Structure formats: C-alpha cells, structure tokens
Amino acid sequence: MSENELSKSPTPDPAEDNAFFPSAYSLSQYTSERTDFGGVKHAGAYAGGRWKILVIATDERYLLMDNGTMFSTGNHPVEMLLPLHHLMAAGFDVDVATITGNPAKLELWAMPGKDDAVQQTYADLKPKLKEPLSLREVIADRLGPDSDYLAVFIPGGHGAEVGIPFSPEVGQVLNWALENDKFVITLCHGPASLLAAAIGTTESPFKGYSICVFPDALDKGPNKEMGYIPGGLRLFIGEALEGQGLKVVNDQMTGQVHQDRRLLTGDSPLASNNLGLLAADALTEAVSA
C-alpha cells in the first residue's frame, strides 16, 4: 500500500479495553527497519571492569490519555538499545532496573528488525529486561559514594511518562547522581524523569540546566492527527520542565543532542545514535581522567 492509503486511525490493542497502538500511517513515518548507526567510536576503550550504567526502564505498558483512551506504549527500543550499544561496546556493563522490579516494557512495533546493532544489544540485554532490579533494591544496596555506577540512563518512549516522573525512588537516584558527580543520560520523552528529582523539594536540582526533549508541539498536533497517539497527553514534558526552571534548547525533532555539565539529552529517536556517540565520548573521557 502507498503511504496515502495507510490508515491514520490508531490500531486497537486487543489486550486492554479502549487501548491503541499507533496507526499504520504513523508507523510508516516514524519507524524504519534500520537506524543511522554507522559504527562505534570507542570499541574496548574501557577495560577496567568496574564502572556500570544504571538503566531505569518503565515497567508500564499503558498511558492514559485525556479522552479516556490508553496508548499502548513502553520504552522505545531504538532510544534504549542504540545508546547502550555504544556504551557497552566501549566496555561498560549495564544493570536494568524498574520501579517495581517487574519486567521492562518495550514498544516492539518500533523495533528495527534489520538493524544488527540494535538486535545484538536487545539479545544481550533481554534477560535483564525480563528480570530487572527494583529501584528500592538499587537504592538500598548499590548506591552511595563508592557505587559502581558511573551514569544513570533513562530511555524515551511515551511509557517514560507513566510512573517515572512521580516516583520518589527515581528522584532519589537522580539526586544521588547529581550529588556524586555521575552522568545522567536521557532522550525524547525520557527527560520526564527529571521531574522526579524535585519531589519533596521547593526547587528542582536541575533548575538552570539546558536540555533537549521531544517537542510538545508534535504531541499536541501531528502525533494526534496521524494517529500515533489515540488522544491528548495529560503531561507535556517541555512545559513541565520549563516550569521547574530548565531550559529546552530545541523546538523540532532533528536528532539534536546536548550536554550541560553531566546531563546528556537528545530530542527524539533520531538522536539515539548521536546520543550514544556523545555518551561514549563523555564516559570514556571521564574514566581516562
């Protein structure tokens, strides 16, 4: 079928009442069998064996919309797996955690089936995605000034809006990262997680930071019009973060990435490869120093 013949109606998800996957047309615009991956830059650069990346993934599948429908979502596989491919190739190990310890959820309808880098990393991490750590376990046993975590990574996907921005545990981990000079890496809708750092405080510790994030304007307009989401969002990330004193540096989805101190961000799935390259640069430089 040509693009003009593809439906713009969200596709029903039979597993849940009034829940929907993206429309066939929107998937033709937003997904591809391959990414722009062109190789890693720091293969084997870190051989120390200590430093790890803590991935905070969503364990939620459904995002309630403003019209009562639910979006069948999760973490975007490219936004999760391609940045991690660069970091794992550089020599960093990965732990996966969810708020509850329940399995991480992925938007498998966005999985690039012919992309070897993404598929390899998915195969390597699948056991940890199925049986992740719980954040409470991480906080109790694996944080502190002598922690082996060099960075916290929160992938995107609309599922990052479910639970994570309102989780005191996520807030604890982010505040620990700031207090201990660790990296925080996130992209697309993942920066919603930064809202959690302000829980229980009068001011966000990220106030004054500049970031890339998925443009609110796309979720308010084109994503609804093409049937990518079945209704309006109840949380617009850019607006919410700017309300906490952060500065959004992009207004489009171009693959832009940005670093402010040790906070590394990207604007969309298009930024996944660029963010992986930036993160591998920053982390290998840090361990070399």
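The values are calculated or read from the model by the stated rules, or taken from the named source; none is laboratory data. Computed from a predicted model, the values in this text were never measured in an experiment. Neighbour counts run over all protein chains shown; Cβ positions are idealised from the backbone, glycine included. With ligands, DNA and RNA removed, areas are computed over all heavy atoms of the protein, side chains included. Shrake-Rupley method; radii C 1.70, N 1.55, O 1.52, S 1.80 Å.
What the table below lists for this structure:
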item	result
Asp219 out of contact with any Cys (no Cβ under 7 Å at 6 or more places or on another chain), in contact (Cβ under 8 Å) with a residue 24 or more places away in the chain and over 27 Å from Gln172 (Cβ atoms)	no
Residue selected from segment 2-27 under the condition assigned to a helix (DSSP H, G or I) and either farther than 26 Å from Leu64 by Cβ or aromatic (Phe, Trp, Tyr) (or both), by the criterion modelled with the highest pLDDT	Tyr25
The one condition in (1) aliphatic (A, V, I, L, M); (2) open to solvent by less than 50 Å² (accessible area, probe 1.4 Å); (3) closer than 14 Å to Cys212 by Cα; (4) under 17 Å from the mean Cα position of the chain (by Cα) that Leu246 fails to fulfil	(4)
Residue list for segment 190-219, filter: farther than 18 Å from Phe153 by Cα and within 17 Å of the chain's Cα centre (by Cα)	Pro215, Asp216, Asp219
One residue from Ala47, Ala24, Ala57, Ala19 being loosely packed, with under 13 Cβ neighbours inside 10 Å and among the aliphatic types (A, V, I, L, M)	Ala47
Looking only at segment 224-235, and only at residues there that are surrounded by fewer than 20 Cβ atoms within 10 Å (Cβ to Cβ) and under 19 Å from the mean Cα position of the chain (by Cα), the one that is nearest to Asn180 (Cα to Cα)	Leu235
Residue match in segment 252-265 (condition: touching a Pro at 6+ places or on another chain (Cβ under 7 Å), buried (at least 18 other Cβ atoms within 10 Å of the Cβ) and free of Cβ contacts under 8 Å to residues at least 40 places away in the same chain)	yes
The one condition in (1) open to solvent by 20 Å² or more (accessible area, probe 1.4 Å); (2) within 17 Å of the chain's Cα centre (by Cα) that Gly91 fails to fulfil	(2)
